[in-house]
Amino acid sequence: MSLSGAARIRVGIVTDHRNAQDVDLQAGAKLRKAELDADAKLRKAEVEADAKVQRAEGPAAAKVQKALVDAALTLQHALVEADAKLQRAEGPAAAKVRKALVEAALTLQLALVEADAKVQRAKGPAAEKIQEALAEATLTLQQALVEATSTLRKAEVAAAEKLRQAQQDLAYQRDVFERFFALSLDMMCISSSAGEFMRVSPSFDALGYSREELLSRPALDFVHPDDRAVTLAQRAKLAAGAPTVAFENRFHCKDGSYRWLSWVSGPDSAGTMYSMARDVTEARRMQGELAQAKDAADVVNRELESFSYSVAHDLRAPLRSIDGFSQALLEDCAEKLGTEGKRYLSYIRESAQHMARLIDDLLGLSKVTRSELHFEDVDISSLAHAANTRIQRSEPKRHVTVVIEDGLRGVGDPRLLAVILDNLFGNAWKFTGKRDDGRIEFGATSEDGHPVYFVRDNGAGFDMAFANKLFGVFQRLHSASEFEGTGVGLATVQRVVGRHGGRVWAEGEVDRGATFYFTLCETAGVA
Amino acid sequence: MSNGKIILLVEDDPKDELLTLRALEKANIVNPIVVARDGVEALDYLFSRGEYAHRDPMAMPQLLLLDLKLPKLNGLEVLQALREHALTKLLPVVVLTSSLEEQDLIRSYSLGANSYVRKPVDFVQFVDAVRQLGLYWLVLNETAPLPGEVSVMGQGHR
């Protein structure tokens, strides 16, 4: 538009010149002036035109630039997004990236076409510059596209690798699940919220049904009619979100029998139930047998109780007669008896009294076995002091050095622990009876962190060869003439220690004393 | 050692009875002794029933020596019956028996026995035990008055 303006001015000037030659030579100065004026005008028009071109060129170039920037941004954005998606290793991301790229390329193309059109419209000297800029932009874009394509390809490869890995992991997990599902001894099943089996593990075969049979009927059909109400109640609780733990019901088997199943179940958010059932029929049967055995044992125990009671009352009465009338004979018929007769009668009395002690000791042993245990923290040292006091009182004239380590404690039934210490102190006292320098010591050592209590004496001791006989009922390692006794005491000690989950053993040497060791509560589940 | 008051011995075994009587004698206890040979007879005596129907019900023994293992009614049942009766509620009862079974001890004291003594097998010890029993229950111990005696005592007529 500005160019055509300049041309018109030039044509105008040429016409003026001709007119001047034709009309008046003297008008030469005027012509020159006119010529100069025209020239100035032309220059001015040209400058104006240029300015106009510049003005026209400005907005077009800016638009092209903007279009290019937009296109580049879109591309960048698409690439970033694609990258992020690929990073998450999502399969469809690759497709999206591709789509974004295609879109970006399209946008770019469009921008280029538009820019071209604008350039075409702009024409003039600006066109060249714009063309140049466009060529450069196109090149940059082309490079970016190539780079993006390569990045995309790499991302695609990485995504494919990740996908493959994920698929492999999934396959592995599925495989693990399937293996366990197939191997499980417990019955595993998945059932709908309506209570229909959707899947059952092969362990369900134990019920005798095919899997098709199980899946074709509501699970409740298999439940014992008497257990259906509680099963439904349990299912309602489960649906409300409370997991089922150790719920038991009877399940029908194909052979007509019922098996007791113990269930563990949990629902997912959709209400599908995942359950495991364990056949506890045997366990329940054994429990029943155990209860029966316990009842039987209780009966035996009660019988034993009444037996002991009867022994305590009835076995002693005749002994009293034997002793009492022997004594009466000794008192009333002393002259007729003579020395020998009196000696025999004294033997009868000794025997009667010994038997009475035997009965008492056996009753004690039986009591130790029968009595209920009440465990508590016990000051064992003070039990030792008490045992010592009792034994000293029985023979106040004897002198025995007794050393008791104080502060020793243990867990047990205090009454029965006292039985242990009474017996061990009693033994130590008895077997130091023939020494003037008798010594009894109570203390404790440690073994694997457990206290090992001991009662040691320097008395008659025993031959270790017979150590295994020490704790048997009626077993004695000394003759009655040496040391009297019933042979029940250590058996009682062993019984008590055993009921406390401990051990008892002894070390000794003939004429050099004995040490009795015992522990408490070494094992769990003390009876 | 006698104040003329009766001792009621409840004992079914004649040999034990003989030995107990001998022990009482050895211990110089010369109170009159009545022997009942089962639980029913013991209660008949105390409540003046049956063969003892003509006995003065107010003449209560000073002491009851009670065995536990008895025919018909055992010692614990006798104890329970006489503790339920106003007349015999406060009668001193010494359980004199063979056993030291925990259940016997607990039940005897729960039912209101005043003392529990196990008869030793050794007769010498038995005599010693009976001597101490006699000293305590017949001499040292003051017996609660019978229900009817309270007012009499209150009037100072005794």
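None of the figures in this text is laboratory data; all of them are computed from the coordinates on show. This is a predicted model, so every value here is computed, not measured. All Cβ positions, glycine included, derive from the backbone under ideal geometry; neighbour counts span all protein chains shown.
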Exercise for review: Compute the separation of the alpha-carbon centres of region B:59-132 and region A:154-188 and state it in Å as a whole number.
Suggested key: 85
Practice item. Rank the residues A:490, A:220 as a footprinting-exposure proxy: fewest other Cβ atoms within 10 Å of their Cβ go first. Key: A:220, A:490
Practice item. First select every other residue whose beta carbon is under 12 angstrom from the beta carbon of residue A:491; then total the charges, Lys and Arg +1, Asp and Glu -1. Key: +2
Review point. Rounded if a/c is under 1.5, else prolate if a/b beats b/c, else oblate: with a ≥ b ≥ c from the C-alpha gyration tensor eigenvalues square-rooted, which is region A:167-318?
Key: prolate
Review point. How big is the gap, in Å, between the Cα center of region A:234-268 and the Cα center of region A:296-368?
Key: 64
Exercise for review: Could you sort A:291-297, A:411-417, A:388-394 so that the peptide with the highest average Cβ count within 10 Å comes first and the rest follow in order?
Suggested key: A:411-417, A:388-394, A:291-297
Exercise for review: Taking the Cα centre of region A:341-428 as origin, work out the dipole magnitude from +1 charges on Lys and Arg Cβ and -1 charges on Asp and Glu Cβ, in debye rounded to 20.
Suggested key: 760
Revision key, fill the gap. Taking Cα pairs closer than 8 Å and at least 6 residues apart, the relative contact order of region A:274-390 in percent is 28
Review point. For region A:270-369, with equal point scatterers placed on the C-alpha atoms only and solvent neglected, what are the log10 I(q)/I(0) values from the Debye formula at q = 0.18, 0.24, 0.25 1/Å, to two decimals?
Key: -0.91, -1.14, -1.18
Review point. How big is the charge dipole of region B:5-137 about its Cα centre, in debye rounded to the nearest 20, if each Lys and Arg gets +1 on its Cβ and each Asp and Glu gets -1 on its Cβ?
Key: 340
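Once Rh is set to the Kirkwood radius over Cα pairs, what Stokes-Einstein translational diffusion coefficient, in µm²/s, holds for region A:338-410 at a temperature of 25 °C and a viscosity of 0.890 mPa s?
Value of D from the Cα-based Kirkwood radius: 151 µm²/s.
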